[in-house]
Amino acid sequence: MKLIDIDENEYKGFAPDLFRKILKSPIFRTIIIIVIFANTIFTATIKHTHNEIIDRKNRNFYYKAEV
């Protein structure tokens, strides 16, 4: 048993149908999950060396890559 609104499946926004189809597609969701996973791995490689010069270079590199 599920309590739903009568118009739960009706579209209420201004986006064209093409964009809504793309956003609801499994391929788009898979791509987003892969990008998030790659970002997680990339972020996990950040390390602190206690050397200010190397750490500054690393911070600049990771900042530019993330942006």
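Under the rule a/c < 1.5 gives rounded, and otherwise a/b versus b/c splits prolate from oblate, where does the range 17-66 land using the Cα gyration tensor? Verdict is prolate for the range 17-66.
Please give the length that would be gained between Glu52 and Ile34 if that part of the chain were fully extended, namely 0.36 nm times their separation in residues minus their C-alpha to C-alpha distance (nm, one decimal). Don't skip to the end; give the middle numbers.
Details: separation 18, 0.36 × 18 = 6.48 nm, distance 3.31 nm.
Separation in residues times 0.36 nm, less the Cα-Cα distance, equals 3.2 nm.
Each reported figure results from applying straightforward, stated rules to the coordinates on display, with no laboratory input. Source: prediction; values computed, not measured.
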